[in-house]
Amino acid sequence: MRRDRRDRGLSTLLSVVTAITVVTITLAGTMVLVEDAFRETARGDAERAVAVQASDRLVAADGPIAAEPNVLDAAELANLSAADLRAVGASERFAIAVRVDDRTVASVGDPDGGTTVRRIALVATPERVERTPALDGSADPRVTLPVRTDAVAMTVEPPPGTTVTAVRSGDRMVLRNASGLSGEFRIDTSPFRTLELAFETTGPLGSGDVTVGYEATRTERVTLAVTVEDRGRREGSGGGSA
Amino acid sequence: MNDDVAGDGFARPPPSTAAAAPRDRAVSAVVGKALEAAIVVLYISLLIATLYGGAVPEYQETAGAEVGERVLAEGVLAVGAAVPADHAATATVRHDLPRTIDGEAYRIVAANDSLTLVHEDDRIGGTQPLALPADVRRVEGEWTSTADQRVVVERVPDGRIVRLAEGSP
């Protein structure tokens, strides 16, 4: 009780003023936080919807670059145009960029920031494979192809003294010539079964005497990232709380 | 507070512990309390006036605009997800909209390959584009927030149409 007794009534007044000050400061702080929170949430939903839709369209089988669902054609991916992006949602308001493994493939409006939707897709590249199977020089060798394909071009050049009379695939006789097979042959195969070719020879067949060539599809897993920036949000449907 | 108000009837017997206390000592408590009450009442009314005069309606409107954008985005995604990839397939998919935004019912209207949210408050609303498979000829119909919402995908001779429908199937 240092204070003079006559001012005792004022001490509660002082504490009221203190309390009011504390409440005011807290309230002001809260309002600043609320303003910040509103400013930060005031963007994104429209962008996200457009980005999700665009990435859905890009990987759909009837979309501009996909060969099958979730499998992109490498050639069409390289030719992805601004018109294709407009077809999947790009406009004056929504800027869209498509990136494949951090390499920008196409963009409309060049978005800066915005919302990114990433998905894993396959990129299929058709390629011609020539393969020389390793043969150990014995008679009646077997060759198994590492991939399934619907046609194989096979070249047989038997060494002198050896005659290839037949080529079988399982129980099926694929090629047959009693006087000897030599040259290039085209074999239709099933893309649904692993192909094993069995040679019937009169002598040894070594590496390099048989080569096979086929069309294969090389698939590569990539990350397809679609970035969308909503340019019309600020002026358009009234953003921010300021 | 002031020694001059002595003798106005508020005096009490001096406390036993204090000698020669002023006779108007009790006045300070009454005046102090009245002052406190006045300040608190004034403060609270000022606070209410400030909050409800500006900040709170603005926050409500901003939150409403934000919810509106989100509802519209979810509607767009629901319509997109309702269309099967198979061009021969049809579908009926339920969707749930919040019944009100900022206390008011609203509508979502489909037109020109986009959805538009229509609300009484001009700041709540907007238009968002739809990206649908190429065989979808048009998107039509509208949802009212207070009804049950469905997306109906139907076949027509030259493709499919997507319709926003209401009521239980």
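The values are calculated or read from the model by the stated rules, or taken from the named source; none is laboratory data. Note that the structure is a prediction, hence the values are computed from the model and not measured. Please note: Cβ atoms are built from the backbone with ideal geometry, for glycine as well, and neighbour counts cover all protein chains shown. Surface accessibility is based on the protein's heavy atoms, side chains included, excluding ligands, DNA and RNA. Shrake-Rupley method; radii C 1.70, N 1.55, O 1.52, S 1.80 Å.
Go over the candidates B:123, B:94, B:137, B:70 one by one and state the one that is open to solvent by 40 Å² or more (accessible area, probe 1.4 Å), farther than 22 Å from residue A:69 by Cβ, within 14 Å of chain A (Cβ to nearest Cβ) and not in a helix (DSSP H, G or I). So that I can check it myself, show each step before the final result.
Numbers: B:94 fails: within 14 Å of chain A (Cβ to nearest Cβ); B:137 fails: within 14 Å of chain A (Cβ to nearest Cβ); B:70 fails: not in a helix (DSSP H, G or I).
Selected residue: B:123, the only one of B:123, B:94, B:137, B:70 that is open to solvent by 40 Å² or more (accessible area, probe 1.4 Å), farther than 22 Å from residue A:69 by Cβ, within 14 Å of chain A (Cβ to nearest Cβ) and not in a helix (DSSP H, G or I).
Of all residues in segment A:107-131, which are in a loop (DSSP other than H, G, I, E, B) and surrounded by 13 or more Cβ atoms within 10 Å (Cβ to Cβ)? Before you say what the answer is, go through the steps one by one.
As a first pass, look at segment A:107-131 and keep what is in a loop (DSSP other than H, G, I, E, B): A:109-114.
Correct list: A:109, A:111, A:114.
Just need a number here: residues in segment A:43-87 that are of a type in the set (Gly, Ala, Ser), over 16 Å from residue A:123 (Cβ atoms) and facing chain B (nearest Cβ under 7 Å). Lay out the reasoning, then the answer.
Residues of segment A:43-87 that are of a type in the set (Gly, Ala, Ser), as a first pass: A:44, A:46, A:49, A:51, A:54-55, A:60-61, A:63, A:66-67, A:74-75, A:78, A:81-83, A:87.
Right, trim to over 16 Å from residue A:123 (Cβ atoms) and you get A:44, A:46, A:49, A:51, A:54, A:81-83, A:87.
Of the ones still in play, those that are also facing chain B (nearest Cβ under 7 Å) are A:46, A:49, A:54.
Selection size over segment A:43-87: 3.
Is it true that some residue in segment A:32-42 is part of a loop (DSSP other than H, G, I, E, B), in contact (Cβ under 8 Å) with a residue 60 or more places away in the chain, within 8 Å of another protein chain (Cβ to nearest Cβ) and under 34 Å from the mean Cα position of the chain (by Cα)?
Yes - at least one qualifying residue is present in segment A:32-42.
Among the listed residues A:102, A:62, A:56, identify the single one that is open to solvent by 40 Å² or more (accessible area, probe 1.4 Å), farther than 23 Å from residue B:68 by Cα and at pLDDT 90 or above.
Values: A:102 fails: at pLDDT 90 or above; A:62 fails: at pLDDT 90 or above.
Sole residue among the options that is open to solvent by 40 Å² or more (accessible area, probe 1.4 Å), farther than 23 Å from residue B:68 by Cα and at pLDDT 90 or above: A:56.
Spot the failing condition for residue B:65; the list is (1) in contact with a Gly (Cβ under 8 Å, 6 or more places away or on another chain); (2) open to solvent by 60 Å² or more (accessible area, probe 1.4 Å), and only one is missed.
With (1) in contact with a Gly (Cβ under 8 Å, 6 or more places away or on another chain); (2) open to solvent by 60 Å² or more (accessible area, probe 1.4 Å) applied to residue B:65, the lone miss is (2).
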